[in-house]
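Trainee: Quick one: the structure is below, and I'll ask about it shortly.
The values are calculated or read from the model by the stated rules, or taken from the named source; none is laboratory data. Being a predicted model, the structure only gives us computed values, none of them experimental. When we count neighbours, we look across all protein chains shown, and the Cβ atoms used for this are built from the backbone with ideal geometry, even at glycine.
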Amino acid sequence: MSLLVIGTVAFDAIETPFGKTDKIVGGAATYISLAASYFTKNINLVSVVGDDFPNATIKLLQNHHVNTDGLQVLKGQKTFFWAGKYHNDLNTRDTITTELNVLENFNPIVLESYQDCEFLMLGNLVPKVQQQVIGQLKKRPKLIVLDTMNFWMDIALNDLLQTIALVDVLTINDAEARQLSGEYSLVKAAKKILNMGPKYLIIKKGEHGALLFNKDDVFYAPALPLEEVFDPTGAGDSFAGGFIGYLAQSKDISFDNMKRAIIFGSAMASFCVEKFGTEKLIGLTQEQVDMRVQQFVDLVQFDITLV
Ligand code: AMP
């Protein structure tokens, strides 16, 4: 039984009010896998990079229990590259560059040894490629979670709608929920999006937490108020990695357990933003993760007796 992760493995260049990086390692699948590795030790990766990608990072992923046999390294080609610049509030950003490079003709291959997958995390990637991965699985996983972004809504909406119809959980941010549904109210947006196919919708609201919807219920998880946020890149992916990693470990996909999973996801996102790139997600201890989750519990626990 395992967690299958797909998504970009990438180079990013990031600018925030606190600094600027040259090309550093990023990518949706990188953040997801690292965050999930604190909950499950059986992670299989499907992605693609060029031969400009550092071997040391592939080794690092392996040290975090990620099987990289499904990571294609294409000779003479360049890794996907994204550059983004954050506004002063750090909740919004502009994409400066998206160079698809190896993604342009990516043909994902789900290895035979990956077929036992019970949990599938479709990280941010070309929607058609996400669909191809679902199509290659001989048995439908217990849970399929999809993450995407406005970029794909802008250039591949029809493909994206087809992918959305195939999954159990969709995670997007508030601006993307509004763009996808054409509704300003997030409650109305959720209703419309749930009609597109998924049973659950998670709307991420950056420093304002995240909402989990299904047809009948809604749950809200806060984000941890942090003294210093350096770089929000990968927060959404770290959230997704913690969320599905926890579900894969506990093997319980009830709404109640998803509430817990959202807290674990939020905890991983809170680590991610404290340093640039993936730095903070590397080499955390179990004790650090547990203490962070406890901070979330303390943050929202209160007693009310209604008479
Ligand atoms: P997040 O901040 O969680 O939305 O994710 C940021 C990561 O997504 C970065 O490391 C980028 O490499 C990656 N990324 C940016 N644009 C795209 C895209 N269009 N498709 C897939 N991954 C992307």
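Trainee: How many residues, within the range 234-251, are of a type in the set (S, T, N, Q) and either within 15 Å of the ligand (Cβ to nearest atom) or under 9 Å from the mean Cα position of the chain (by Cα) (or both)?
Mentor: Here is the first cut: in the range 234-251, the ones of a type in the set (S, T, N, Q) are 238, 249-250.
Narrowing the set further to residues that are either within 15 Å of the ligand (Cβ to nearest atom) or under 9 Å from the mean Cα position of the chain (by Cα) (or both) leaves 238.
Counting residues in the range 234-251 that are of a type in the set (S, T, N, Q) and either within 15 Å of the ligand (Cβ to nearest atom) or under 9 Å from the mean Cα position of the chain (by Cα) (or both) gives 1.
Trainee: For the range 134-163, enumerate the residues that are over 14 Å from the mean Cα position of the chain (by Cα) and surrounded by 22 or more Cβ atoms within 10 Å (Cβ to Cβ).
Mentor: Of everything in the range 134-163, those that are over 14 Å from the mean Cα position of the chain (by Cα) and surrounded by 22 or more Cβ atoms within 10 Å (Cβ to Cβ) turn out to be LEU160, THR163.
Trainee: Restricting to the range 5-52, count the residues that are crowded, with 24+ Cβ neighbours inside 10 Å, in a loop (DSSP other than H, G, I, E, B) and within 12 Å of the ligand (Cβ to nearest atom).
Mentor: The number of residues fulfilling the criteria is 4.
Trainee: Still on this model: Scan the range 169-191 for residues that are over 19 Å from TYR220 (Cα atoms) and either within 15 Å of the chain's Cα centre (by Cα) or free of Cβ contacts under 8 Å to residues at least 24 places away in the same chain (or both) and jot them down. It would help to see each step written out before you state the result.
Mentor: First, the residues of the range 169-191 that are over 19 Å from TYR220 (Cα atoms): 179-183.
SER181, GLY182, GLU183 - these are the residues of the range 169-191 that are over 19 Å from TYR220 (Cα atoms) and either within 15 Å of the chain's Cα centre (by Cα) or free of Cβ contacts under 8 Å to residues at least 24 places away in the same chain (or both).
Trainee: Is it the case that HIS64 is in contact (Cβ under 8 Å) with a residue 40 or more places away in the chain and not β-branched (Val, Ile, Thr)? Before the answer, list the steps.
Mentor: Working: in contact (Cβ under 8 Å) with a residue 40 or more places away in the chain: yes; not β-branched (Val, Ile, Thr): yes.
Against the criterion (in contact (Cβ under 8 Å) with a residue 40 or more places away in the chain and not β-branched (Val, Ile, Thr)), HIS64 qualifies.
Trainee: Shifting gears a bit: With the requirement that a residue be of a type in the set (A, V, I, L, M) and modelled with pLDDT of 95 or more, what does the range 225-264 give you?
Mentor: Of the residues in the range 225-264, the ones of a type in the set (A, V, I, L, M) are 226, 229, 235, 240, 244, 247-248, 253, 258, 261-263.
Selection gives ALA235, ALA240, ILE244, LEU247, ALA248, ILE253, MET258, ALA261, ILE262, ILE263.
The rows are residues; the columns are (1) within 15 Å of the ligand (Cβ to nearest atom); (2) farther than 22 Å from TYR246 by Cα; (3) touching a residue at least 12 places away in the same chain (Cβ under 8 Å); (4) of a type in the set (A, V, I, L, M).
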| position | (1), (2), (3), (4) |
| --- | --- |
| ASN91 | yes, yes, yes, no |
| PRO108 | yes, yes, yes, no |
| GLU112 | no, yes, no, no |
| PHE119 | no, no, yes, no |
| ASN124 | yes, no, yes, no |
